[in-house]
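Working notes, structure below.
The values are calculated or read from the model by the stated rules, or taken from the named source; none is laboratory data. Source: prediction; values computed, not measured. When we count neighbours, we look across all protein chains shown, and the Cβ atoms used for this are built from the backbone with ideal geometry, even at glycine.
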Amino acid sequence: MLFSLFLFASSGTIYVAERALHTDRQRRFLTWWAVTILFGAIFLANQLLEYARLYADGITIGSNLFTTAFFTLTGFHGLHVFVGLIALATIGILGRQGDFRHGRRRVVVDAVSVYWHFVDAVWVVVLSLVYLLGLVL
């Protein structure tokens, strides 16, 4: 659950990267974009480690209704994080080649950024349903 902080922080880092691109500060854009990728990768790696710990303890997708819901919700979200990381990496590569200088092709960066924020927002719902709700009930 603590690894969620990295995903939440990545929304901030992608925002800073976008702001840098708006002011045509390419190096700052690329730096914060890379930090976003790093934070997303840390989140995903920790999710995979959590799965490994659960499986080691004999908890699987078929153990009960809760684990089925848990693995399904978090797994689909993890897939979307992975797709987002591919998109972020692609933007990073294109950005290093100068594709976004002087406002060129900004819509691509904006679209990937909106996707990333959406993935983050969905995690708030999944986290609330799967992790936090269990603490209250």
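Restricting to region 96-112, name every residue that is at pLDDT 90 or above, more than 20 Å from residue 78 (Cβ to Cβ) and surrounded by 15 or more Cβ atoms within 10 Å (Cβ to Cβ).
Matches in region 96-112: 108, 109.
Tell me, which residue of region 1-38 that is aromatic (Phe, Trp, Tyr) and in contact with a helix residue (DSSP H, G or I) (Cβ under 6 Å, 6 or more places away or on another chain) is nearest to residue 89 (Cα to Cα)?
Initial filter on region 1-38 (aromatic (Phe, Trp, Tyr)): 3, 6, 8, 15, 29, 32-33.
Then keep just the ones that are in contact with a helix residue (DSSP H, G or I) (Cβ under 6 Å, 6 or more places away or on another chain); that gives 3, 6, 29, 32-33.
Working: 3: 20, 6: 17, 29: 13, 32: 12, 33: 9 Å.
Out of the qualifying residues, it is 33.
Counting just the residues of region 67-97 that are small (Gly, Ala, Ser) and closer than 12 Å to residue 126 by Cβ, which one comes out nearest to the chain's Cα centre (by Cα)? Reasoning before the result, please.
If we filter region 67-97 for residues that are small (Gly, Ala, Ser), which is where we start, we get 69, 75, 78, 84, 87, 89, 92, 95.
Right, trim to closer than 12 Å to residue 126 by Cβ and you get 69, 75, 78.
On the way: 69: 20, 75: 13, 78: 8 Å.
Checking each candidate, the answer is 78.
Go through 41, 34 for me and flag whichever is among the small types (Gly, Ala, Ser), within 20 Å of residue 124 (Cα to Cα) and in contact (Cβ under 8 Å) with a residue 40 or more places away in the chain. Step through it out loud before you land on a result.
Working: 34 fails: within 20 Å of residue 124 (Cα to Cα).
Going through 41, 34 in turn, the sole match is 41.
Filter region 49-79 down to the residues that are surrounded by 11 or more Cβ atoms within 10 Å (Cβ to Cβ), out of contact with any helix residue (DSSP H, G or I) (no Cβ under 7 Å at 6 or more places or on another chain) and either among the hydroxyl-bearing types (Ser, Thr, Tyr) or more than 16 Å from residue 130 (Cβ to Cβ) (or both) and list them by number. Lay out the reasoning, then the answer.
Going residue by residue through region 49-79, those that are surrounded by 11 or more Cβ atoms within 10 Å (Cβ to Cβ) are 49-51, 54-55, 59-61, 63-64, 66-79.
From the residues that got through so far, the ones that are out of contact with any helix residue (DSSP H, G or I) (no Cβ under 7 Å at 6 or more places or on another chain) too are 49-51, 54-55, 63-64, 66-69, 71-72, 75-76, 79.
Within region 49-79, 49, 51, 55, 63, 67, 68, 72 meet the criteria.
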